[in-house]
1. Kindly indicate the residue of the stretch 37-79 that is in a helix (DSSP H, G or I) and without any contact (Cβ under 8 Å) to a residue 60 or more places away in the chain and also surrounded by the most Cβ atoms within 10 Å (Cβ to Cβ) among those meeting that condition.
2. Collect the residues in the stretch 202-212 that are surrounded by 16 or more Cβ atoms within 10 Å (Cβ to Cβ) and of a type outside the set (A, V, I, L, M), keeping them in residue-number order.
3. Against the definition (surrounded by fewer than 20 Cβ atoms within 10 Å (Cβ to Cβ) and at pLDDT below 95), how does Arg173 come out, yes or no?
4. Name the residues in the stretch 97-140 that are hydroxyl-bearing (Ser, Thr, Tyr) and in contact (Cβ under 8 Å) with a residue 24 or more places away in the chain, would you?
5. Taking His94 and the conditions (1) touching a residue at least 24 places away in the same chain (Cβ under 8 Å); (2) in contact with a helix residue (DSSP H, G or I) (Cβ under 9 Å, 6 or more places away or on another chain); (3) of a type outside the set (Lys, Arg), which numbered condition does it fall short on, given that it satisfies the others?
6. What is the one condition in (1) modelled with pLDDT of 95 or more; (2) among the hydrophobic types (A, V, I, L, M, F, W, C); (3) over 13 Å from the mean Cα position of the chain (by Cα) that Cys155 does not satisfy?
7. Does Val163 meet the test of being surrounded by fewer than 24 Cβ atoms within 10 Å (Cβ to Cβ), modelled with pLDDT of 95 or more and within 23 Å of Ala69 (Cα to Cα)?
8. What pairs come out if I take residues in the stretch 178-193 that are open to solvent by 10 Å² or more (accessible area, probe 1.4 Å) and pair them with residues that are small (Gly, Ala, Ser) and not in a strand (DSSP E or B) whose C-beta lies under 6 Å away, six or more apart or interchain?
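The values are calculated or read from the model by the stated rules, or taken from the named source; none is laboratory data. Keep in mind that this is a model prediction, so the values were computed, not measured. Cβ placement follows ideal geometry from the backbone for every residue including glycine, while neighbour counts extend to all protein chains displayed. Keep in mind that these areas ignore ligands, DNA and RNA; they rest on the heavy atoms of the full protein, side chains included. Shrake-Rupley method; radii C 1.70, N 1.55, O 1.52, S 1.80 Å.
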Amino acid sequence: LPSTSLYLSVGPPSSAMEAALRLPNPSPAPLTADGRAALIVVDVQTCWWSLSPCGLARAAFPNLPQRTAALLAMARVHGVPIVHVRANYEGSPHVATMRRLNPSLNTVPILPDSEAWARERPGEPVVFKSTFDGFFRTELEACLCRMGVTRVLVCGLVTSACVLSTALGAFHRGFDVLLVEDCCADRSVARHQATVAMYADYCFRTASTQDVSELLPRLRAPSRAPQALRVHIPGRAGVVAAGEKAAAEAANKAEKAERAAEKAAAE
């Protein structure tokens, strides 16, 4: 059999392969500013990024920190609420199988420690999950519904695993899903692009940070701020903070954050 390194060296899918993966859709629905939106940030954690021993995602997507920080800044400036979803897998039954199948990829504890460049601000809810899907046995759907959200923007780690599962979870629950493609990362560009090609304009639409920067000013703010939540998962009880300070904080720092977002988006 070919060595594993052969598969890791495969580059991005060719245009022919991407075309084969995409479903024929000559007239996909246009991207509009309809609906109330929230941003879901999936698993931007040290175990998947800075502390990951293999470093595959870091090598394949070196601009992820800057782009994600810019996206968060833009959302805060325009009053779009941000919900952070974190994996806390150490008590989950699937981890033993995952480590048997991928012994080189999961050698550090899978704990919900956020990267500094995607850390929540006071008032931004944090939901802890025990599977790939951020909606499965969590308060994520309830949190979004309390805010009157009908559209979710999704970004984070890893595109073909938890980002995809959470995006499909939102799709299955009737949310309009927009995947912010250049704020997602996988262990190779090929895996990322293949995942996007298979599901874009099928279960969700895709956009870049530039697209989002043009869309956010036209999105309607949710009807009300999220209420405090207490999230229960096996092995952990997490308190999710309420969002009364978020608007004031975003207003006070709007000018500075907007400049930073524009600078990062231009890079």
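1. Among those that are in a helix (DSSP H, G or I) and without any contact (Cβ under 8 Å) to a residue 60 or more places away in the chain, it is Leu72.
2. Result: Phe204, Arg205, Thr206, Thr209, Asp211.
3. no
4. Of everything in the stretch 97-140, those that are hydroxyl-bearing (Ser, Thr, Tyr) and in contact (Cβ under 8 Å) with a residue 24 or more places away in the chain turn out to be Ser104, Thr107, Ser114, Ser130, Thr131, Thr138.
5. Here His94 clears every test but (2).
6. (3)
7. Spelling it out, it is not the case that Val163 is surrounded by fewer than 24 Cβ atoms within 10 Å (Cβ to Cβ), modelled with pLDDT of 95 or more and within 23 Å of Ala69 (Cα to Cα).
8. Once the first residue is open to solvent by 10 Å² or more (accessible area, probe 1.4 Å) and sits in the stretch 178-193, its partners that are small (Gly, Ala, Ser) and not in a strand (DSSP E or B) give Asp182/Ser208; Arg187/Ala57; Ser188/Ala60; Val189/Ala60; Arg191/Ser160.
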